[in-house]
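Presented below is the structure to which this report refers.
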Amino acid sequence: MTVSTTERQVVFPDRPAGRWQQIRWTWENALIVTRREVTDSLRDWRIMTPIFIMTLVFPALSQFGANLMLNFVTQYGAELVGERTIPFLLMIVGFFPVSLSLVIALETFVGEKERRSLEPLLSTPLTNLELYIGKTLAAMIPPLLASYAGMAIYLTSLLFGELAWRPQLMLIIQIILLTTAQALIMITGAVVVSSQTTSTRAANLLSSFIIVPMSLLVILESIVMFSAPDADSPNGILALWAILVGLLIGTALFIRIGTRIFNREELLASSLDVLNLRWIGGTFWRHFRGAEKPGPVAWYRTEVLPAVRQLGKPVIVILIATLAAGLLGWAAGTYSAFRLPPDMAMSSEELSSNFNNLFELGAHPGSVLLAVWQNSRVLLAGTIMGAVSFGVMAVVLEILPFGILGWVLSQFAALGLDPALFFAAVIPHSLVEIPAIFLATAASLRLGAVITRQPEEGRTVGEMWLIAAADLAKIGLGLVLPLLVIAALIEVFITPAVVRMVLGAS
């Protein structure tokens, strides 16, 4: 796509100063890119033919499958399963045409580069945001229109066919919104991939990191649709609203990433992706060890503590999320559906006996290693999952135990047990363990979110990620692991004595 000199003079005068005028200007310029890209896509039969086939064939196949499933389960008195299959197939009808949008999105920048039309495009006065929005809309519009058309055909056949399905209107709206949000997040992610690769082949290989999670998400949505108790609610399925919010947040993150790390000069200059393991290892080790070869004390002072000071905002985010999880756990415990029955309450003698038996089984040096291993592998899993989820999964894994603790505390109150026992069993080792967990999770959150920030001057996104990984390793080995060992020693040898003392006083 190119823009002539005459078009530039007409379309791109001086930019307005007002905020709303700038927003309008941005959208108008982005739509210039969108119109030209959509026109090119509609002319390409290799793109439009699969979309057209998906639009016509999949609704018919889905209707046939719905009839077959409903007739089969009816024989065994499981009509509910067949009825829940129908909205799921409606979502599948919308998902498959949208998945083809990846092919268009992955060629947005790298395809232009291979066709040698990228330099004229990047030489236009369009901003990075305008280019990104224009390319994203162009890649999304044809498959999304096909998706809407396919769902309309399938829904019409259900409403007026032999099934005579009459769904809740809000459920249909949820499915349409989910399909749109799935298209948005796949396209925005694919455009980011296209802007950071140097060949269509590499972009297609990296697209598996988009299509595989989205396929797993569709499986999750199917589980929700089949098992949700509020599937017939006029307000829709609550879990689907939560998924929709998560998709929109992910889309916003991808847009932020795309505009932050997009660099015209690097896109034009890069010609080959090279995996330089020596550079990767050297960069990581240099930032882990430090510029010089300091001793242990100097290493803590010059490397570990400065890395900790970088965690201010992540720690605040984790603290808020932790408090929210604890309150939600407490609130859930107040509902009768999540409350333990009254006969679960034990006398002080029974609690003391059970605790003594548990302590006799676990109070030995091997338990210290077991506690360290348990906490370390959970934090390691959170780090790995956080690295590929912008740090979100690291926070999710961190707050789950605090939600459970909030629920347990609410059960103590509901059953009339002495809360001093709860605090005695939790607080001693938590005074050391919680700071270790916060440090590890904050470093993981920073590592996962580093790609959403604009790189420092003279550094690439990969180098910034390696620096964050080195900081995480410094904090993990220098602070988190020693704190976990101390917490395990307290948990095994001190916490039981505190609990015994509380039980003896009660």
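Read-outs: derived from the displayed coordinates by stated rules, not from any lab. All values reported here derive from a predicted model rather than from experimental measurement. Cβ atoms come from the backbone with ideal geometry, glycine included; neighbour counts cover every protein chain shown.
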**Report entry** P(r) tail fraction, segment 366-460 - alpha-carbon pairs more than 16 Å apart, %
**Finding:** 65 percent
Query raised in the report: When the chain is fully extended, how far beyond the present Cα-Cα distance does ILE53 get from LEU305, taking 0.36 nm per residue of separation?
Result: 84.8 nm
Report task. Rank by packing, highest mean first: peptides 28-35, 312-319, with packing defined as the count of other Cβ atoms within 10 Å averaged across residues. Result -> 28-35, 312-319
Query raised in the report: For the pair LEU220 and GLN168, what calculated FRET efficiency results from E = 1/(1 + (r/R0)^6), where r is the Cβ-Cβ distance and R0 = 25 Å, to the nearest 0.05?
Result: 0.75
